[in-house]
Amino acid sequence: MRISQKAGVLLTATALLVSPLSGVAQSTAAEMDRAEVETIVREYLLANPEIMLEVQDALEKKQREQQEVAQRAVLESEREAIFSSAYDGVIGNPDAPVTVVEFFDYNCGFCKRALGDMQALVEENKDVRFVLKEFPILSPESREAHVVSMAVHAAAPDKYAEFHQKLLGGEARANGELAMQIATGLGIDETAIREHMKDAKIQEVFGKTYDLANKLAVTGTPAYVIGNEVVFGALGKATLEEKIEEARACLTTKC
């Protein structure tokens with residue numbers, strides 16, 4: 001039997017295995033029992049294993065497309081919470097028209113690597129700001145550090161950017177004690193910080209951030225929302241610049 005003929009039989013045979021019989025499949029079923037169908041499928045796949053790679057590629061493409069559609073829906077319905085939450089820290093011009101939202105963890109090595117990219121981008125692009133989503137997912141120590149961070153943002157928002165860059169830019173593992181040392185070293189009153197740390201709103205905000213991350217399929221850090229796109233990983237300054245330029249263009253074209 002030629003390959004093209006076998007392919008046709010394979011498709012029919014696979015349909016018989018996974019779906020109810022109908023139309024032509026019913027007449028084929030009269031000529032082939034299940035064992036014959038399974039033999040044809042097995043032999044064809046063994047002889048042409050590259051088909052499985054094609055199927056996998058097609059499946060992954062379809063899943064990516066479905067994910068992008070779902071993400072765009074969330075970006076539309078949750079726009080205020082994603083881009084304009086009062087509880088998120090901001091690096092750069094707070095009134096900048098182009099926003100990059102970053103989900104980060106203070107103990108994420110890739111986030112540390114990406115810190116310099118953020119600093120350079122806001123320095124070179126006065127129309128760009130970074131909104132920081134506190135997303136402690138790596139350890140209890142991370143959560144401790146992020147609680148202090150959010151308390152710093154509440155107690156001394158004007159010093160948050162410097163605090164963030166010192167804590168994320170350091171080599172030591174972040175925890176509550178280190179975060180407090182950095183905060184008080186910047187002259188922020190420890191009593192005020194500890195009072196804000198008691199605010200139940202902090203845990204509520206964490207919960208909302210986890211929920212947003214889940215809806216956007218964010219499972220690691222760093223992850224970014226730039227314009228109408230969700231991108232993952234420490235992409236590097238050049239790639240972030242490309243995404244920012246696309247978002248900048250969308251401000252006038254409404255894409």
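The values are calculated or read from the model by the stated rules, or taken from the named source; none is laboratory data. Quick caveat, the model's predicted, so the values are computed rather than measured. When the accessible area is computed, the model is the full protein with side chains, heavy atoms only, and any ligands, DNA or RNA have been set aside. Shrake-Rupley method; radii C 1.70, N 1.55, O 1.52, S 1.80 Å.
For the reader, a short list of remarks on this structure follows.
- Residues in the stretch 154-170 carry Karplus couplings, in order, of 6, 7, 8, x, 5, 10, 4, 4, 5, 4, 4, 5, 5, 6, 6, x, x Hz; the curve used is 6.51 cos²θ - 1.76 cosθ + 1.60 with θ = phi - 60°, and Gly or Pro positions show x.
- Pairs from Lys133/Lys201; Lys62/Lys208; Lys208/Lys237 whose Cα-Cα separation, in the structure shown, is over 20 Å: Lys62/Lys208; Lys208/Lys237
- Whole-Hz couplings from phi, Karplus 6.51/-1.76/1.60, listed for the stretch 197-204; x for Gly and Pro: 5, 7, 5, 4, 4, 4, 5, 5
- ³J(HN,Hα), Karplus 6.51/-1.76/1.60, whole Hz, each residue of the stretch 109-114, x for Gly, Pro: x, 5, 5, 4, 5, 7
- Of the solvent-accessible surface of the stretch 35-158, computed with a 1.4 Å probe and all protein chains present, 53% belongs to carbon and sulfur.
- Here the stretch 176-249 exposes an accessible surface that is 50 percent carbon and sulfur, computed with a 1.4 Å probe and the other protein chains kept in place.
- For the stretch 43-155, the antiparallel share of DSSP beta bridges with both residues in that region comes to about 35%.
- Distance from the stretch 136-161 to the stretch 192-214 (C-alpha centre basis), Å: 9
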